[in-house]
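As structure tokens, the structure follows; a few thoughts come after it.
The values are calculated or read from the model by the stated rules, or taken from the named source; none is laboratory data. Bear in mind that the values here come from a model prediction, so they are computed numbers and not experimental data. Because the Cβ atoms are built from the backbone with ideal geometry, glycine has one as well, and the counts that use them run over all protein chains shown.
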């Protein structure tokens, strides 16, 4: 069961609550999706909070860097993104073939850059001798990792959870940072895809956070106009934040 909302872009697909993620995301129908996540109670936890007087603007940089790092690891291409003060927009394309072509070693290397992996995977990665039962288990894990590296759900999990932990650590608190699970909206036509990208790119303009796309901060359109992202630097910054 599906419901739709009428909006200016005409692209919004709203999943009803009783549907599972596997039912909502179907690459056979479309590889393109619009993803959104909002901060808890829609508070400005990634910008200047007028209620507390605290400035969390730097967290937008955390999120932008992590989006780009994850895109380099997952079989998911980022068409557009905008990191706002209390929510994020991502337009993306699922590209599972990028992961299918990887060797087993490459799959494990990518996954272990995000998670330690099971003990048997760690042993395999270090070229330790394994018995047949362990090798069978390794193959099962690698198949699982291939699936996860093509998954929007795992992409968003690897994006949102570390950001929440970093923010809570900075604030010296516990609890939710994001108000709920991310929302995914299928883009079922070329018109919908282009409308969504424009919608995401122009979000800071509508919110009066910038006067022009090229002056907007933490957006894909600014990066396209004036490329400055450096993957190696972003990875090192992420390592420092985790330390």
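Of note:
- Filter pass, residue 156 being at pLDDT 90 or above and assigned to a loop (DSSP other than H, G, I, E, B): no
- Cβ pairs under 7 Å, 6+ apart, first in segment 180-199 and touching a residue at least 12 places away in the same chain (Cβ under 8 Å) and assigned by TED's automatic domain parsing to the domain that holds residue 219, second part of a helix (DSSP H, G or I) and crowded, with 19+ Cβ neighbours inside 10 Å: 182/156; 184/152; 187/193; 187/196
- Residue within segment 168-181 that is under 21 Å from residue 232 (Cα atoms), touching a helix residue (DSSP H, G or I) at 6+ places or on another chain (Cβ under 7 Å) and not in a helix (DSSP H, G or I) present: no
- Number of residues in segment 118-143 that are in a loop (DSSP other than H, G, I, E, B) and surrounded by 12 or more Cβ atoms within 10 Å (Cβ to Cβ): the value is 2.
- When segment 185-194 is filtered for residues that are assigned to a helix (DSSP H, G or I) and farther than 12 Å from residue 79 by Cα, the ones remaining, listed by number, are 190, 191, 192.
- Odd one out for residue 127 among (1) out of contact with any helix residue (DSSP H, G or I) (no Cβ under 6 Å at 6 or more places or on another chain); (2) within 29 Å of residue 45 (Cβ to Cβ); (3) not assigned by TED's automatic domain parsing to the domain that holds residue 182: (2)
- Residues in segment 26-39 that are closer than 18 Å to residue 90 by Cα and out of contact with any strand residue (DSSP E or B) (no Cβ under 6 Å at 6 or more places or on another chain): 26, 39.
- Strands (runs of 3 or more DSSP E) within segment 1-101 that include 3 or more residues assigned by TED's automatic domain parsing to the domain that holds residue 174, surrounded by 13 or more Cβ atoms within 10 Å (Cβ to Cβ) and at pLDDT 95 or above: 32-38, 76-83, 87-94
- Number of residues in segment 214-227 that are buried (at least 19 other Cβ atoms within 10 Å of the Cβ) and either part of a loop (DSSP other than H, G, I, E, B) or in contact with a strand residue (DSSP E or B) (Cβ under 8 Å, 6 or more places away or on another chain) (or both): the value is 5.
- Criterion violated by residue 115 - all others in (1) surrounded by 14 or more Cβ atoms within 10 Å (Cβ to Cβ); (2) outside the structural domain of residue 90 (by TED's automatic domain parsing); (3) within 19 Å of the chain's Cα centre (by Cα) satisfied: (1)
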